[in-house]
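Colleague: A single structure is presented below for examination.
What follows draws every value from the coordinates through simple rules; no lab data is involved. Remember, it's a predicted structure, so these values are computed and weren't measured experimentally. Glycine also receives a Cβ, built like all others from the backbone with ideal geometry; neighbour counts cover every protein chain displayed.
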């Protein structure tokens, strides 16, 4: 006989509630489970008023991963906890503080932690240039996972084994599209996913009574699009009915982005893309997201059509 035995949390805390995953997660929970007490966390005092306006009925608190007392206040009486950290986070003190706070509160029934790792990645394959940077995903997220694994807390890992579709906006990729109808980006092979689908997966896992997700490492992609950016340019051309070219050279990348994001950031990103390219055979599409959502995840073509006006200007 099989049965489920996870208690659905009656309160949920969302770190990164102003972000592209945290915000749609909060909206999903308010829509699907309005009875759940919702507490939203931001580390930016300027965001408090906006969160209170956007999510009426939710509690909004200020907290910082490097301030233990603020974390203790944030997690108090919270049974569900959604954890995201900025990409530059020093995870050892951040997750050590969070674990301390959660254990002190002793209320968590389900913790969801977002990470970005190539599945079964071998840390010895990380190039020295990324090691020297020290605060990038390949180095820091395995540290976070090790600390949470050791904690014994009821953690489920949501591994973003894909690139976010909204990176076309968040990283400024759409700028060249608007001006020159050109997609300028490294031509590495990578799966894709809509951040809104990640948010819904997180929400449905919180609302599930299936205890088997506790302790699991789920890699998320949309199950459809394992593509190079030259392929993305072709799909754009078909979807938009006009030619979109692709330029993937290092020279073009630095020409377009070094001035916008700064030379150090551009150099780190290019090194990270090269690291992913050297390990691209590890990528594999899967049906996990579709199974949790009960529908096909958003495809890249559908996302392009939805955002056509904003992408092309």
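Colleague: Report the Cα centroid-to-centroid distance between the stretch 62-122 and the stretch 262-301 in angstrom, as an integer.
Modeller: 24
Colleague: Also: Quick one: grab the alpha carbon gyration tensor of the stretch 219-277, order the square roots of its eigenvalues as a ≥ b ≥ c, and give me rounded if a/c is under 1.5, else prolate or oblate depending on whether a/b is larger than b/c.
Modeller: Oblate is the answer for the stretch 219-277, as a/c is 1.5 or above yet b/c matches or exceeds a/b.
Colleague: Between residue 76 and residue 296, with labels modelled 7 Å along Cα→Cβ, what's the label distance in nm to one decimal, could you check?
Modeller: It works out to 4.9 nm between the two label points.
Colleague: If you don't mind, there's one more thing I want to ask. Below 8 Å between Cα atoms, with a sequence gap of 6+, how large is the relative contact order for the chain in percent?
Modeller: Working: 549 pairs, mean separation 58.2, N = 313.
It rounds to 19 percent for the chain.
Colleague: Only counting other Cβ atoms within 10 Å, I'd like 164, 82, 169 sorted with the fewest neighbours first.
Modeller: Least to most surrounded, the residues fall as 169, 164, 82.
Colleague: Please report 204, 125 as a ranked list, fewest other C-beta atoms within 10 angstrom at the top and most at the bottom. Walk me through the intermediate numbers first.
Modeller: Numbers: 204 14, 125 11.
In increasing order of surrounding Cβ atoms, one gets 125, 204.
Colleague: Any chance you could get the radius of gyration and Dmax over the Cα atoms of the chain, in Å?
Modeller: When restricted to the Cα atoms of the chain, Rg and Dmax are 19.8, 62 Å.
Colleague: Using only DSSP helix segments of four residues or longer, with each worth -39500 (n - 2.57), what per-residue ellipticity at 222 nm results for the chain after dividing by its residue count and rounding to 500?
Modeller: One gets -13000 deg cm²/dmol as the mean residue ellipticity at 222 nm.
Colleague: Once R0 is set to 30 Å, what does the formula 1/(1 + (r/R0)^6) return for the Cβ-Cβ distance between residue 210 and residue 310, expressed as a FRET efficiency to the nearest 0.05?
Modeller: Computed FRET efficiency for residue 210 and residue 310: 0.20.
Colleague: Based on the mean of other Cβ atoms within 10 Å per residue, sort peptides 153-162, 177-186 so the most packed one is first. Present the calculation step by step, with values, prior to reporting the outcome.
Modeller: Working: 153-162: 21.9, 177-186: 18.0.
Top to bottom by mean Cβ count within 10 Å: 153-162, 177-186.
Colleague: Write down the Kirkwood hydrodynamic radius of the stretch 11-160, to one decimal in angstroms, obtained as one divided by the mean of 1/r over all alpha carbon pairs.
Modeller: 15.9
Colleague: When the Cα centres of the stretch 202-227 and the stretch 12-31 are compared, how far apart do they sit, in Å?
Modeller: Using only Cα atoms, the two centres lie 16 Å from each other.
Colleague: If you don't mind, another one. Quick one: what does P(r) look like for the stretch 100-193 with 10 Å bins over all Cα pairs, in whole %?
Modeller: Cα pair-distance distribution for the stretch 100-193, in percent: 12, 33, 30, 18, 6, 1.
Colleague: Using square roots of five times the C-alpha gyration tensor eigenvalues, list the equivalent-ellipsoid semi-axes of the stretch 1-93 in whole Å, biggest first.
Modeller: After diagonalising the Cα gyration tensor, the semi-axes are 23, 18, 12 Å.
Colleague: Continuing with this model, one more query. Between residue 10 and residue 120, how high is the FRET efficiency from 1/(1 + (r/R0)^6) when r is the Cβ-Cβ distance and R₀ = 35 Å? Nearest 0.05.
Modeller: 0.45
Colleague: Quick check: pseudo-label points 7 Å beyond the Cα along Cα→Cβ at residue 286 and residue 30, how many nm apart are they?
Modeller: Inter-label distance under the simple model: 3.2 nm.
Colleague: List 213, 110 from most exposed to least, where exposure is judged by having the fewest other Cβ atoms within 10 Å.
Modeller: Numbers: 213 19, 110 24.
Result, fewest neighbours first: 213, 110.
Colleague: Right, another one. Could you state, as a whole-number percent, how many of the C-alpha pairs of the stretch 163-313 are farther apart than 28 Å?
Modeller: Tail of the P(r) past 28 Å holds 25 percent of the pairs.
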